[in-house]
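Quick note: the coordinates plus some simple rules give every number you see, no bench work behind them. Everything numeric here is computed off the predicted structure, so don't read it as measured data. Quick reminder, even Gly has a Cβ in these numbers, built from the backbone with ideal geometry, and neighbours come from all protein chains shown.
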Amino acid sequence: AIKFSHSDSIIKIETTEKSNKVLVSVKDNGIGIPKDNLRSSGHPSIEQYSFHVRNAILYIRNHYSDSSLSIEKMAEDIGISSGRISVLFKQEVSKTINEYITGIRIDAAIDLLLHSNYKIYEIADRVGYRSSQYFSQIFLSFTGRKPLDYRKNTLTTIVIGDSKNESKK
């Protein structure tokens, strides 16, 4: 059996290999976004995956904000070798673990860009990047826009869209 928990009740994972079920209790991920609201990089349900891959996904979803997150540490914590979980993850999810981590981090960053007043360097830190410059490069390559441009253009579109709807009433 594997059991994770955190003193701040951020996450509690209990699994039993016999039942192959995963029970999760999530309060908040520390940045004000419930874990269930993360888009999970295109994979909303983890039930389709094997026991070890589900545990890896849950681990990533709950540790993505840690800039020292590594495949080796995750594998050790969930009780499988890093090589084996990497192969299983790629086979089942069709992404590498690092691609999945990046997707989770960018999803969280998008939520923070649109729903907070945090500065870009604060968002970078909150989603697991030590360098705001590196975060901005990754964000640009993932979304096609710089973080600040993403915030400004998306919020402007929302405001303009709302104004047009109000004027028609």
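Data table
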item: Residue ID - surrounded by the most Cβ atoms within 10 Å (Cβ to Cβ), chosen from residues in segment 108-119 that are outside any loop (DSSP other than H, G, I, E, B) and not aliphatic (A, V, I, L, M); result: ASP111
item: Test: residue in segment 134-145 that is among the basic types (Lys, Arg) and in contact (Cβ under 8 Å) with a residue 12 or more places away in the chain; result: no
item: Neighbours by Cβ (under 6 Å, 6+ apart or cross-chain): first from segment 79-93, in contact (Cβ under 8 Å) with a residue 40 or more places away in the chain; second assigned to a helix (DSSP H, G or I) and crowded, with 18+ Cβ neighbours inside 10 Å; result: GLU92/VAL53
item: Selection within segment 120-153 - more than 19 Å from TYR100 (Cβ to Cβ) and not in a helix (DSSP H, G or I); result: ARG130, SER131, GLY144, ARG145, LYS146
